[in-house]
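In what follows, a single structure is set out as structure tokens and then discussed.
The values are calculated or read from the model by the stated rules, or taken from the named source; none is laboratory data. Small disclaimer: the values here were computed from a predicted structure and weren't measured. Positions of Cβ are generated from backbone atoms using ideal geometry, with glycine treated the same way; all protein chains shown enter the neighbour counts.
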Amino acid sequence: MKPISNQSSRPLVLYLVLVFALSSIFYSLIISSGKLGGGHGLYVTGLMWCPGIAAMLTTILSGKKISSLGWQWGKAKYQWRCYLTPLLYAAIAYIIIWLAGWGGFYNKEFVTDLSKTFGWSGLPDGAIIFFYVLIAGTVGMVRSMATALGEEIGWRGFLVPELYKNLGYTKTSLLTGIIWSIWHYPILLFAD
């Protein structure tokens, strides 16, 4: 495995400088509001797009096409697996909790709040839960994907392929994990 050359490290350094410079704007807004929900959640959305914007800027400034970022929509069967896998392991966890008696089937307070928030006060609890899961699993998923896309383009579309060229799988994975965790420290330490 060859060390990262000075030539190939320039885009990486530029990318990281841009990520943290752009992120510092949203770190300060989140920290000054004291919570991740500050700015009606728009501060977090901005923060989550900083890696993607930094990747696009780095790519353009390096004379490459944005299409080189390595992010693309995968095959439908993998998309479905990605969608259903978290539901499966969450269901397993909840079933264990319910069967062991460590928690009830649903939080009545949460369902009451949902009925007020969505204007569903006349519906039975089961219908409220069903409609909430339906909306969260469709419209909510689109919203979450739009928010998380910036991080995916930046971390997995730019950073991982750039590091992998010289470091291989294990070192790339470890270094990416370290960078990703450091990027989260300001809001983990200074916000809610």
Single match in THR85, THR147, THR170 (criterion: closer than 20 Å to LEU12 by Cα, hydroxyl-bearing (Ser, Thr, Tyr) and assigned to a helix (DSSP H, G or I)): THR170
Tally, over the stretch 180-192, of residues that are touching a Phe, Trp or Tyr at 6+ places or on another chain (Cβ under 8 Å) and either of a type in the set (Ser, Thr, Tyr) or crowded, with 17+ Cβ neighbours inside 10 Å (or both): 3
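Out of LEU189, LEU175, I need the residue that is within 20 Å of LEU18 (Cα to Cα) and not acidic (Asp, Glu). Which one? Walk me through how you get there before you give the answer.
Working: LEU189 fails: within 20 Å of LEU18 (Cα to Cα).
Sole residue among the options that is within 20 Å of LEU18 (Cα to Cα) and not acidic (Asp, Glu): LEU175.
Restricting attention to the stretch 40-60, which residues are closer than 19 Å to THR147 by Cβ and without any contact (Cβ under 8 Å) to a residue 24 or more places away in the chain? Even if it seems obvious, please write down each step before you answer.
Step one: filter the stretch 40-60 for residues closer than 19 Å to THR147 by Cβ, giving 40-56.
Hits for the stretch 40-60 are HIS40, GLY41, LEU42, TYR43, GLY46.
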Per the list (1) within 21 Å of ALA148 (Cβ to Cβ); (2) not in a helix (DSSP H, G or I), residue check on GLY63 breaks on (1)
Cβ pairs under 9 Å, 6+ apart or interchain, first in the stretch 119-135 and part of a helix (DSSP H, G or I) and surrounded by 12 or more Cβ atoms within 10 Å (Cβ to Cβ), second modelled with pLDDT under 95 and of a type in the set (Lys, Arg), ordered by first then second residue, are ASP125/LYS108
Which residues, taken from the stretch 97-118, are more than 27 Å from the chain's Cα centre (by Cα) and loosely packed, with under 13 Cβ neighbours inside 10 Å? LEU99, ALA100, GLY101, TRP102, GLY103, GLY104, PHE105, LYS108, GLU109, LYS116
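Are any of the residues in the stretch 68-81 assigned to a loop (DSSP other than H, G, I, E, B), in contact (Cβ under 8 Å) with a residue 40 or more places away in the chain and among the aromatic types (Phe, Trp, Tyr)?
Kept after step one, since they are assigned to a loop (DSSP other than H, G, I, E, B), are these residues of the stretch 68-81: 70-75.
Keeping just the survivors that are in contact (Cβ under 8 Å) with a residue 40 or more places away in the chain gives 70-71.
Within this subset, residues satisfying the condition of being among the aromatic types (Phe, Trp, Tyr) are 71.
Within the stretch 68-81, one or more residues are assigned to a loop (DSSP other than H, G, I, E, B), in contact (Cβ under 8 Å) with a residue 40 or more places away in the chain and among the aromatic types (Phe, Trp, Tyr).
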